[in-house]
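Participant: Got a structure for you, questions after.
The values are calculated or read from the model by the stated rules, or taken from the named source; none is laboratory data. Small disclaimer: the values here were computed from a predicted structure and weren't measured. Please note: Cβ atoms are built from the backbone with ideal geometry, for glycine as well, and neighbour counts cover all protein chains shown.
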Amino acid sequence: MSSVFGSVPILAMVVIQLLLIRSVSSLNLTNAYLHHKCINTEGKYKQGSDFEKNLNLVLSTITSIGNFRDGFRYTEEGEDPNNVFVMFQCRGDSYWSKCPPCISTAVSGLRRRCPRNKGAIIWYDQCLLKISSVGSFNKIDYENDFYVSNPNNMSDRELFNKETSALLEKLAYKASDRNNLDGKQLVLYAAGEKRIGTNKVYAMVQCTKNLIFTKCLECLEGILRKFPECCDGKRGGRVLGTSCNFSEGKYKPGSKYEYILNDHIRFLAAQNFRSGSMHMTSGLKPNAVTILYQCRGDSYKSKCRACYAAGISGLRRRCPRNKGGIIWFDQCFVEITSVSAIDFNISKINYENNFSLHNPNKVSGDIKSFNKETVALLEELTLKANSKDNMDDGKMALYASGEKRVGTKKVYAMVQCMRDLVRPKMCKECLESIIKEFPKCCDGKQGGRILGTSCDFRYELYPFLRTSDSTTVG
């Protein structure tokens, strides 16, 4: 879903989501990163400190649990000034075995995005994780909410707002009902649906289980009052915090949107994939469809076609009937969005959907020197990728690969921009921006990458490309 982010001065340990899905029992089970916040007012902890030891103990304990029956933990470890409080909550349809993978991802994500912060929060589609040096049991957090909304509007906004708010209010009361129990524990979660004109809205609300039922209702009512601010007439939206949130945005089977989407998919599949990149956009709101793909610089033509097909198949399976979705593979990414041709700007850098991966193993020897030389290699490849002499199929390649000896090791790397970022200046700007994130994602790691839909880089200590067409540096 193409999204607009904004801040909301609310945050309890609750979640509310509005979803356009085929049934409440088939909620979207993707685990996309949504947002994070480093709480700088709590300060940083030192390496080897008691706080770090307490934090590592708690995190290793929760990530080693096999199943999470209730999808929630609130754990405290240590004494002042080294108290550590960790809380996680999985979405109400993602308990048991679905919960641990999200928590493991969240732990890794927080360490990478907020290194050594005593306070931090990270949200994914299926869970949230919060670490803090301050306890928050049964306290509504009003400071850390944010919202996401679909940019497309409904036709009858007034009716839609009224009926959707009524649905959410009904679910809020159901979720916070003291008789809504799982065994002896409060559920603090509810999902439902409602027909509004020709549309059907599917919704869910949830509170984190550190709240009693009265606090849950208070939190939900608080963020529901923000509905006009975040979601006025929008075809999808959510307000998220560490206490509550909501979301929406799917197409119907047999709809005009589905027809246009399938037509685009078939058209692109019939192309020769010679340039490894293409985008196609047509239609007007609410049935606008845009598809774009980019294959890795060593994987054009038939290799690209196969990856595109896998990407489309993967999106259909992982994001069924979503109007917006992105999927990455080693050799390509595919994005589908409902932004119209009028609003869609392919030549705009997209920083919202970047994420990083790294090898958990560190290099031996001088890590500082390794980082410096690897960054220098990536910077040199950035210049090469943006050179006017670097052409492929009559267009600027916006791709470069190379290798460099760093001490006793050999580093292999590549950089690439989406080829429809036609201006080299934009490609260079995008790559320079993500290379600046190297210390956060890849400090001393044996391999790492930052991926997005506008540009990406990757390095390894082994040859990972399909071709040997690379430059030796240094």
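Participant: Within the stretch 59-116, restricting attention to residues that are among the aliphatic types (A, V, I, L, M) and closer than 27 Å to ALA203 by Cα, which residue is modelled with the highest pLDDT?
Facilitator: Within the stretch 59-116, the match that is modelled with the highest pLDDT is ALA106.
Participant: Would you please name the residue that is surrounded by the most Cβ atoms within 10 Å (Cβ to Cβ), looking only at residues in the stretch 318-360 that are of a type outside the set (A, V, I, L, M, F, W, C), more than 25 Å from SER282 (Cα to Cα) and at pLDDT below 85?
Facilitator: SER356
Participant: Can we say SER299 is of a type in the set (Gly, Ala, Ser), closer than 25 Å to MET396 by Cβ, in contact with a helix residue (DSSP H, G or I) (Cβ under 7 Å, 6 or more places away or on another chain) and crowded, with 19+ Cβ neighbours inside 10 Å?
Facilitator: Judged against the criteria, SER299 is a match.
Participant: Looking for something buried (at least 19 other Cβ atoms within 10 Å of the Cβ), farther than 30 Å from PRO253 by Cα and at pLDDT 85 or above - is there at least one such residue anywhere in the stretch 180-187? Give the derivation first.
Facilitator: Step one: list which residues in the stretch 180-187 are buried (at least 19 other Cβ atoms within 10 Å of the Cβ), which gives 186-187.
Subsequent filtering for residues that are farther than 30 Å from PRO253 by Cα retains 186-187.
Next, from what is left, pick out any that are at pLDDT 85 or above: none.
Among the residues of the stretch 180-187, not one is buried (at least 19 other Cβ atoms within 10 Å of the Cβ), farther than 30 Å from PRO253 by Cα and at pLDDT 85 or above, which makes the answer no.
Participant: Additional query: Quick check: is even one residue across the stretch 152-161 basic (Lys, Arg), surrounded by fewer than 16 Cβ atoms within 10 Å (Cβ to Cβ) and part of a loop (DSSP other than H, G, I, E, B)?
Facilitator: Within the stretch 152-161, not a single residue is basic (Lys, Arg), surrounded by fewer than 16 Cβ atoms within 10 Å (Cβ to Cβ) and part of a loop (DSSP other than H, G, I, E, B).
Participant: Report, by residue number, each residue of the stretch 117-140 that is modelled with pLDDT under 70 and either closer than 13 Å to ILE103 by Cβ or not hydrophobic (A, V, I, L, M, F, W, C) (or both).
Facilitator: Hits for the stretch 117-140 are SER136, ASN138, LYS139.
Participant: Using the structure shown, decide if ASN371 is under 29 Å from ARG111 (Cα atoms) and surrounded by 15 or more Cβ atoms within 10 Å (Cβ to Cβ).
Facilitator: In short, yes.
Participant: Against the definition (modelled with pLDDT of 85 or more and out of contact with any Gly (no Cβ under 8 Å at 6 or more places or on another chain)), how does ILE291 come out, yes or no?
Facilitator: Details: modelled with pLDDT of 85 or more: yes; out of contact with any Gly (no Cβ under 8 Å at 6 or more places or on another chain): yes.
The answer is yes for ILE291.
Participant: Moving to a separate point now. Residues that are under 20 Å from ASN361 (Cα atoms) and modelled with pLDDT of 90 or more: which strands (runs of 3 or more DSSP E) entirely in the stretch 371-474 hold 2 or more of them?
Facilitator: Hits in the stretch 371-474: 399-406, 409-417, 448-451, 455-460.
Participant: When you look at CYS231, is it under 26 Å from LEU315 (Cβ atoms) and modelled with pLDDT under 85, yes or no? Reasoning before the result, please.
Facilitator: Numbers: under 26 Å from LEU315 (Cβ atoms): yes; modelled with pLDDT under 85: yes.
Taking the combined requirement at face value, the residue satisfies it.
Participant: Considering VAL339, VAL334, which residue is β-branched (Val, Ile, Thr) and touching a helix residue (DSSP H, G or I) at 6+ places or on another chain (Cβ under 7 Å)?
Facilitator: VAL334
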